[in-house]
Amino acid sequence: MGFTFYKYQGTGNDFVMIDNRDGKFPKEDTDFVGKLCDRRFGIGADGLILLEEERGYDFRMVYYNADGNESTMCGNGGRCIVAFAGLLGIVKDQTRFIAVDGEHKASLGDERVKLQMIDVDSVNVFDNYVFLNTGSPHHVQEVDDIDQFDVKLEGAKLRYGKYGETGSNINFVSKVDEDVFQVRTYERGVEDETFSCGTGVTAVAIAMHRTGKTKGNTVSLHTPGGVLKVSFEEKGGHYRNVFLEGPAKRVFSGDVDRE
């Protein structure tokens with residue numbers, strides 16, 4: 001059985017996209033998903049995303065990590081699937097879809113997508129880090145000399161040592177300017193640093209606001225793969241109307257066989 005795939009990237013966070021409205025993709029075959037994401041023996045990606053039918057919505061987003069396992073929400077993946085839905089003619093400039101963490105709304109145009117993320121009511125501030133969930137769990141920690149920081153080594157220590165088998169994504173951040181931060185992320189499921197992480201930069205923006213490192217409600221996040229923008233409204237420690245905005249581009253498409 002063969003499948004047509006589309007490769008998308010959002011600030012270097014890359015995904016294999018498959019239109020699964022016919023329900024034929026073997027979702028239980030984690031080895032096949034992992035192979036598709038493998039950068040040497042497959043297409044290569046940080047994750048795989050299925051676009052499926054869902055009553056009452058434009059579509060459903062189903063996200064798999066590169067290890068082949070279905071996972072929590074992916075912000076950049078959410079932006080890319082909106083662009084994919086536009087390519088398929090499912091949506092035009094506005095959409096409403098469902099994902100593992102609930103309903104999302106988004107707008108798209110000129111290879112950019114603005115995605116509404118979930119509300120955040122709980123931001124846990126500790127002595128040297130912040131923990132919160134923006135659709136996926138995130139540890140946010142400030143570091144010096146972020147360009148030379150060993151993200152893979154230190155991220156893995158925290159991902160496994162602090163958060164156990166379930167794990168957490170680990171974000172390291174340095175302040176560049178007022179409302180501007182540099183971010184590098186270790187992603188669970190990929191088990192390495194990625195060029196960008198949408199739920200991660202969202203978590204960083206909220207964490208920096210919560211700890212007083214920025215007073216603005218629009219924050220620019222510089223990742224190795226490019227710049228993303230996060231905006232929000234805050235009242236009484238609750239974050240509403242959280243939006244993640246940035247580029248979402250189709251790289252190439254093709255066909256792949258299931259062996």
Yes/no for GLY68 being in a loop (DSSP other than H, G, I, E, B), in the same structural domain as ASP101 (by TED's automatic domain parsing) and exposed (fewer than 15 other Cβ atoms within 10 Å of the Cβ): no
Selected residue (criterion: farthest from LEU36 (Cα to Cα)) from residues of segment 221-259 that are in contact with a Lys or Arg (Cβ under 6 Å, 6 or more places away or on another chain) and not charged (D, E, K, R): PHE243
Cross-chain or 6+ apart pairs with Cβ under 7 Å, segment 175-197 first and assigned by TED's automatic domain parsing to the domain that holds PRO137 and under 30 Å from ASN69 (Cα atoms), then small (Gly, Ala, Ser) and in a strand (DSSP E or B): GLN182/SER174; SER196/GLY10; SER196/GLY226
Any pair with Cβ under 7 angstrom, 6 or more apart, that starts in segment 133-145 at a residue that is assigned by TED's automatic domain parsing to the domain that holds TYR63 and surrounded by fewer than 24 Cβ atoms within 10 Å (Cβ to Cβ) and ends at one that is part of a loop (DSSP other than H, G, I, E, B) and hydroxyl-bearing (Ser, Thr, Tyr): none
Which listed residue is under 23 Å from VAL219 (Cβ atoms) and touching a Cys at 6+ places or on another chain (Cβ under 7 Å), from GLY109, GLY198, GLY135: GLY198
Odd one out for TYR57 among (1) assigned by TED's automatic domain parsing to the domain that holds ARG21; (2) in contact with a helix residue (DSSP H, G or I) (Cβ under 8 Å, 6 or more places away or on another chain): (2)
Single match in GLY23, GLY56, GLY42 (criterion: touching an Asp or Glu at 6+ places or on another chain (Cβ under 8 Å) and farther than 20 Å from PHE243 by Cβ): GLY23
Segment 9-32, subset of a type in the set (S, T, N, Q) and part of a loop (DSSP other than H, G, I, E, B), residue farthest from the chain's Cα centre (by Cα): ASN20
Residue count, segment 60-85 (criterion: touching a Ser or Thr at 6+ places or on another chain (Cβ under 8 Å) and over 18 Å from THR194 (Cα atoms)): 2
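Matching residues to (1) surrounded by fewer than 18 Cβ atoms within 10 Å (Cβ to Cβ); (2) in the same structural domain as ALA203 (by TED's automatic domain parsing); (3) of a type in the set (Phe, Trp, Tyr); (4) in a strand (DSSP E or B):
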{"site": "GLY34", "(1), (2), (3), (4)": "no, no, no, no"}
{"site": "VAL62", "(1), (2), (3), (4)": "no, no, no, yes"}
{"site": "ASN76", "(1), (2), (3), (4)": "no, no, no, no"}
{"site": "GLU103", "(1), (2), (3), (4)": "yes, no, no, yes"}
Meets criteria (over 22 Å from THR11 (Cβ atoms) and crowded, with 19+ Cβ neighbours inside 10 Å) for GLY167: yes
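The values are calculated or read from the model by the stated rules, or taken from the named source; none is laboratory data. Just so we're clear, the structure is a prediction, and the values are computed from it rather than from any experiment. Cβ sites come from the backbone with ideal geometry, for glycine too, and all protein chains shown count toward neighbours.
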